[in-house]
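Read the structure below first, then the notes.
Readers should treat all values here as calculations from the given coordinates under stated rules, not as data from a laboratory. What you see is a predicted model; the values in this text were computed from it and never measured. Cβ: placed from backbone, ideal geometry, glycine included. Neighbour counts: every protein chain shown.
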2 protein chains.
Amino acid sequence: MSAPAINVPAEQMMELLEELAAFSAPGPGVSRLLYTPEWLQAQRFLQERMAALGMGVRMDGVGNVYGRFPGSQPAAKVILTGSHIDTVLNGGHYDGAYGIAAAVTALHYLIQNFGQPLRTIEAVAFCEEEGSRFPLAYWGSGNVTGLYDGSEAARCADSAGVTIASAMSGCGLACRPEDRGAAAAAGDAGGGTPLREDIGAFVELHIEQGIVLEQAALDIGIVEAIAGQRRYSVKVAGSTNHAGTTPMGLRRDALAGAAEMLLAMEQAAIAAGDPLVATCGKLEAAPGTPNVIPGEVQFTLDIRHSEAEALEHFCSFILDVFAELAAKRGLTLQVTATLATSPAPMDTGLNRQLEHIARRQGRSFRSMVSGAGHDAQLFSPMCPTAMIFVPSRAGISHSSEEYSSPEELAAGLNLLTAVLYELAYKES
Amino acid sequence: MSAPAINVPAEQMMELLEELAAFSAPGPGVSRLLYTPEWLQAQRFLQERMAALGMGVRMDGVGNVYGRFPGSQPAAKVILTGSHIDTVLNGGHYDGAYGIAAAVTALHYLIQNFGQPLRTIEAVAFCEEEGSRFPLAYWGSGNVTGLYDGSEAARCADSAGVTIASAMSGCGLACRPEDRGAAAAAGDAGGGTPLREDIGAFVELHIEQGIVLEQAALDIGIVEAIAGQRRYSVKVAGSTNHAGTTPMGLRRDALAGAAEMLLAMEQAAIAAGDPLVATCGKLEAAPGTPNVIPGEVQFTLDIRHSEAEALEHFCSFILDVFAELAAKRGLTLQVTATLATSPAPMDTGLNRQLEHIARRQGRSFRSMVSGAGHDAQLFSPMCPTAMIFVPSRAGISHSSEEYSSPEELAAGLNLLTAVLYELAYKES
């Protein structure tokens with residue numbers, strides 16, 4: 001069977017993106033934090049829209065929304081596509097919402113043009129990915145894949161002290177660990193267990209949120225792996241002293257020591273080569289007075305790589321370098337690991353399909369590592385998983401300035417639709 | 001005439017130091033900010049104590065307090081010694097107060113043991129040196145030497161919006177520029193023009209506020225020069241970007257750039273050698289989020305040297321290096337000069353006298369540069385000026401932990417008393 005022509009017009013997706021952007025708290029850009037009124041309105045709107053397009057609609061126990069076209073082979077596993085409905089505070093129109101709007105548009109196009117699929121296809125709007133309201137992330141896909149079991153809802157609160165459980169209850173939702181084994185109840189909210197063990201493949205379409213595709217003038221990024229991440233909090237302590245009366249040779253300057261460490265880390269990261277990235281995003285020097293030598297500096301490290309061994313090796317290497325530099329300067333060093341996630345490889349077979357389709361569609365593309373985390377990383381240990389990137393203007397994301405052109409967004413939509421066709425319509 | 005034995009017991013000075021420390025706002029250490037009730041009480045107490053010791057007492061228009069023993073040669077210029085009565089917030093017992101307590105004790109000892117001097121000798125408690133309440137420093141000695149003319153009082157306010165003029169008025173003081181030419185009025189407050197053109201020599205005794213003497217296990221530091229100082233505010237701007245999605249080669253990381261600049265400055269300062277010191281005391285990286293590459297860093301520079309040319313050369317060299325490093329990284333650099341003071345050489349003749357006396361008194365000593373500013377720097381262009389340092393434990397100052405032992409303080413007192421004898425009692 002030769003590949004049929006896939007040519008999805010982008011208007012429906014662009015309109016849906018604009019409609020979703022309207023569900024926002026006041027202020028610049030789009031602010032749609034988990035379990036807020038604007039979040040609930042967006043998920044209800046999506047359910048209505050999916051239903052109007054003929055999908056079977058469901059909201060699970062944590063607020064993930066699914067729109068489904070059932071396949072003719074009910075025993076076959078589900079082909080799932082989508083992304084997250086929540087945004088950061090003052091975020092843009094595309095982060096998350098693009099993957100949802102494209103999923104809904106792709107599924108509708110496939111049904112309209114090719115009728116019922118062999119395998120059930122679903123579009124999903126995960127309730128949360130950003131970690132912007134509560135101090136956890138991937139609440140949507142994490143409950144679907146078993147990272148969370150719902151018990152976190154009672155323990156975890158936002159900065160105003162509202163727990164997830166209490167915020168969920170305000171949206172008519174409840175997620176009880178004891179329900180995990182039970183079948184999903186009918187109805188559009190509080191719809192039973194979020195856990196999904198019936199997924200045959202997951203494909204997520206997302207803006208790159210980086211400048212690699214734009215710099216290389218490419219249409220598409222096919223993600224090889226989502227980078228694993230280590231975060232550390234580092235404290236360097238020396239002696240606070242008078243900037244005028246302390247000769248250079250008698251100083252234990254914590255800031256000069258931190259500067260040497262950061263420069264060494266940058267040089268080592270450049271030497272290690274892509275896709276390793278190492279960043280200090282936050283640094284505070286105390287006491288912070290122009291005429292006083294800083295006696296203490298605290299800074300953060302964020303280190304990422306797509307291969308677990310390379311990530312581990314770089315982290316232990318650079319922390320050894322820090323210890324040597326501290327010792328050389330008579331400074332004390334205290335390092336606390338604050339986050340560790342493993343790299344998530346995408347499915348090589350799916351990626352070969354994506355490359356094949358991209359060529360057929362005349363798109364320029366490259367394989368790349370996603371330095372940012374995504375819902376897809378939670379599916380990668382469970383089922384064949386793929387991610388497609390489109391360019392972000394100037395690499396800007398998490399900002400009202402976030403932008404990808406309609407043409408760029410349409411290219412991603414067509415690649416997604418074509419791969420969903422292969423996954424759902426073709427005999428395996 | 002051979003040198004008489006000078007052996008000043010330290011008890012009177014130590015008692016006066018403890019009495020002065022009691023004039024403090026509540027809180028740790030000593031807080032005696034300019035024109036506060038505790039400041040006024042301290043200056044009134046000093047006037048009473050000086051009067052009780054037989055001195056002629058006067059408070060000038062800005063609140064400097066003088067205690068005078070007139071000499072037998074009324075036409076001869078005055079030999080002046082002392083320091084500042086104000087402290088930083090939560091300061092120690094010794095910074096400033098030591099020079100005053102020693103001055104009063106030395107003058108009393110000289111009169112008791114040697115009778116009337118040839119030249120008038122005065123002890124002074126300058127009203128302000130630290131710049132802790134109002135955004136200017138050396139208000140006491142600066143009004144005496146012509147750095148200020150009193151007109152600043154109406155324009156300059158503390159953080160609560162109280163002008164110097166208003167705070168002075170609360171202490172019964174007034175300092176009008178139009179009074180400058182007028183003779184000092186009698187009375188103990190509002191006592192006319194602060195300007196002094198009758199000073200023949202000024203000697204200031206002070207704690208080192210650094211660790212040089214302690215590290216070298218020396219009794220005395222004889223100050224060659226007070227360092228000139230340059231301060232800058234530096235802004236480095238790059239691109240704020242996602243720490244995960246931006247490869248090392250596509251970054252314009254303002255913090256990595258700032259780190260390279262600070263390390264280069266430290267290396268250049270070490271290479272330049274003592275007495276050059278260069279410090280970054282304050283650094284702020286924005287936006288300051290662990291997973292975001294900092295797009296902007298602001299930091300301060302404080303650079304000091306005892307020779308104007310060497311100071312100028314280092315500053316222009318290091319700012320050129322900063323510009324090169326910024327250009328190499330595609331960062332923009334903005335440098336604002338915020339302070340520039342000239343080095344103040346002390347009198348070489350007076351210093352030779354001090355060395356001679358120190359040897360005679362069996363004190364170990366060294367010549368050194370004062371990296372900190374002092375009242376003495378304002379007298380150095382006007383008259384022979386000298387400064388004597390005693391060790392500060394661990395170099396700590398501007399802290400309630402400030403400490404010098406009674407033996408160390410006594411050594412300084414005896415050196416001061418002996419040089420005052422030579423200046424006031426010996427035929428020139």
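Here is how the numbers come out for the structure above:
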| quantity | calculated |
| --- | --- |
| Cα gyration tensor, region A:200-292 - rounded (a/c under 1.5), prolate or oblate | prolate |
| Nearest-first distances (nm) between copies at B:Ala310, label 7 Å from Cα via Cβ | 5.0 |
| At q = 0.14, 0.24, 0.26 Å⁻¹, base-10 log of I(q)/I(0) for region B:301-388 (Debye sum, equal scatterers on each alpha carbon) | -0.66, -1.21, -1.30 |
| Label 7 Å beyond Cα on the Cβ vector: A:Phe114 copy-to-copy distances, nm | 10.8 |
| Projected label distance in nm at A:Ala76 and B:Ser399, using a 7 Å step from Cα toward the beta-carbon | 7.3 nm |
| Inter-label distance, nm, simple model (7 Å from Cα along the C-beta direction), B:Ala22/A:Ala22 | 7.7 nm |
| Test item: B:235-242 mean partner chain Cβ contacts at 10 Å | 4 |
| DSSP loop GluC sites (Glu not before Pro) with at most 14 other Cβ within 10 Å excluded, longest remaining stretch of chain A | A:198-400 |
| Residues B:Asp198, A:Asp60 arranged by fewest to most Cβ contacts within 10 Å | B:Asp198, A:Asp60 |
| Tail beyond 34 Å, pair distance distribution of chain B (Cα, percent) | 36 percent |
| Fewest-first ranking of A:Arg32, B:Arg155, using other Cβ atoms within 10 Å as the exposure measure | B:Arg155, A:Arg32 |
| Ranked B:Val292, B:Val321, A:Val30, A:Val124, criterion: other C-beta atoms within 10 Å, fewest first | B:Val321, B:Val292, A:Val30, A:Val124 |
| Folded to 0 to 90 degrees: helix A:254-272 orientation relative to chain A principal axis, Cα | 50 degrees |
| A:Ala160-A:Lys426 FRET efficiency (beta carbon distance; Förster radius 60 Å; 0.05 resolution) | 0.75 |
| Shielding by other protein chains, B:216-228, mean Cβ within 10 Å | 0 |
| Test item: Cα-centred dipole of region B:228-341, Lys/Arg +1 and Asp/Glu -1 on Cβ, debye | 420 debye |
| Spatial separation of Cα centroids for region B:224-263 and region A:325-378, in angstrom | 27 Å |
| Identity and axial distance of the chain B residue whose Cβ lies nearest the axis relating B to A, Å | B:Ala259, 2 |
| For B:Leu89, label point 7 Å along C-beta direction: distances to other copies, nm | 2.7 |
| Relative contact order (%) - criterion: Cα under 8 Å, at least six apart; region: region A:18-152 | 27 percent |
| Candidate lysines - alpha carbon under 21 Å from B:Lys77, same-chain residues fewer than 8 apart omitted | B:Lys426 |
| Too-long pairs where the Cα-Cα distance tops 22 Å, listed order kept, from A:Lys282/A:Lys328; B:Lys235/B:Lys282; B:Lys282/B:Lys328; A:Lys235/B:Lys235; A:Lys235/B:Lys282; A:Lys282/B:Lys282 | A:Lys282/A:Lys328; B:Lys282/B:Lys328; A:Lys235/B:Lys235 |
| Dmax and Rg, reported as Rg then Dmax, of region A:228-341 (C-alpha, Å) | 14.9, 49 |
| In degrees, nearest ten, helix A:37-52 long axis to first principal axis of chain A (Cα) | 30 degrees |
| Net charge of neighbours whose Cβ lies under 14 Å from the Cβ of A:Arg329, counting Lys and Arg as +1 and Asp and Glu as -1 | -2 |
| Mean Cα-pair separation over length for region A:228-341, i.e. relative contact order, pairs under 8 Å, 6 or more apart, % | 46 percent |
| Estimated FRET transfer efficiency when R0 is 25 angstrom, pair A:Val321-B:Ala268 (beta carbons, to 0.05) | 0.65 |
| Estimated [θ] at 222 nm from DSSP helical runs (n ≥ 4, -39500 (n - 2.57)) normalised by residues in the protein assembly as shown, nearest 500 | -10500 deg cm²/dmol |
| Cα gyration tensor shape of the protein assembly as shown, rounded if a/c is under 1.5, else prolate or oblate by comparing a/b with b/c | prolate |
| Sequence-separation-based contact order of region B:33-83, relative, with Cα cut under 8 Å and 6+ spacing, percent | 24 percent |
| Helix axis angle, B:308-329 relative to chain B longest principal axis, alpha carbon, degrees | 20 degrees |
| Among A:Cys280, A:Cys315, A:Cys383, residue whose mean-square fluctuation peaks in a GNM of chain A (springs only between Cα atoms under 10 Å) | A:Cys280 |
| Shielding score for A:289-296, defined as the mean number of other chain Cβ atoms within 10 Å | 6 |
| Alpha carbon centroid spacing (whole Å) that separates region B:1-50 from region A:48-116 | 80 Å |
